[in-house]
Amino acid sequence: GNKLELYELLTDLEENRENRPYLDKIYYQTAVFHLRDGSDSIAQTYYNKALRTNTRDKQLRAYAYETLGNMSFDRAEYKNAGAYYDSTMTNLVENSKPYRIIKKKRDNLEDVIYYEGIATANDSILNLVAMNEEERNIYFEAYIEQLKAEREKAEKEKELMASQNTGLVTTDKGLGNNNVKNA
């Protein structure tokens, strides 16, 4: 009964419009509840909701990022964990004990992320080597098409930006500076 009551309380708090200023804390506590209950994916959603409220509470942000980092680490998603730990450190006082603990975790992850990148590249190479010539041709033709599509999209975005900026240039022909008085 206690768990259910707590869950209902958190849900009621979340749904009450008067609690909008406290949504960061409500979402955070809901995330903690779900994490303790073993519902990691729901907890992750609520930690992210707490962060998206643009809370000014640096301690809450640090805890949320650290927990998300730990969750990623536990799933062997080391690159994501590293990014979350980076975000954690930006919300902690530099050189404080909690900062140093997270920095050490992050530094230790650096080698793992590096070697994971090498392993991924090696796996890709081995997969290519294992393909017969026809499979390799199909793979590279698809890859080339993907690169062409990405380049085309980037060029269209660049053209769009250029066309949007053309009307913004104005010149001041001495008309706009009428407030200056001669001494």
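Which of ARG17, ARG56, ARG151 moves most in a GNM of the chain, Cα contacts under 10 Å?
The residue that fluctuates most here is ARG151.
How big is D for the stretch 29-120, in µm² s⁻¹ as a whole number, if Stokes-Einstein is applied with the Kirkwood radius of its Cα pairs at 20 °C and 1.002 mPa s? Can you show the working numbers first?
Values: Rh = 13.6 Å.
Using the Kirkwood radius from Cα pairs, D works out to 158 µm²/s.
Return ASP74, ASP86 ranked ascending by Cβ neighbour count within 10 Å, so the fewest neighbours appear first.
Values: ASP74 10, ASP86 15.
Fewest-to-most Cβ neighbours within 10 Å comes out as ASP74, ASP86.
Once the principal axes of the Cα atoms of the stretch 77-163 are found, what is the range along each, listed largest first in whole angstroms?
Cα extents, longest axis first: 56, 47, 13 Å.
Can you tell which of GLU150, GLU15, GLU116 shows the greatest fluctuation in a Gaussian network model of the chain with Cα springs below 10 Å?
Of GLU150, GLU15, GLU116, the most mobile in the Gaussian network model is GLU150.
Per residue of the chain, what 222 nm ellipticity follows from adding -39500 (n - 2.57) for every DSSP H run with n ≥ 4, rounded to the nearest 500? Walk me through the intermediate numbers first.
On the way: 7 runs with 138 residues, N = 183.
One gets -26000 deg cm²/dmol as the mean residue ellipticity at 222 nm.
Can you tell me which of SER41, SER72, SER163 moves the most in a GNM of the chain? Springs connect C-alpha atoms under 10 Å apart.
SER163
Please state the Cα pair-distance histogram of the chain with 5 angstrom bins from zero: what percent is in each bin?
Calculated P(r), rounded to whole percents: 1, 7, 10, 10, 9, 9, 9, 10, 10, 9, 7, 4, 3, 1, 1, 0, 0.
Just rank GLU157, GLU66, fewest to most, by other beta-carbon atoms within 10 angstrom. Display every interim value, and only then the final one.
Numbers: GLU157 10, GLU66 22.
With the sparsest Cβ surroundings first, the list reads GLU157, GLU66.
No value in this document is a laboratory result; all are computed from the given coordinates. Keep in mind it's a predicted model, so treat the numbers as computed, not measured. Ideal geometry is used to build each Cβ from the backbone, glycine not excepted, and the neighbour counts take in all protein chains shown.
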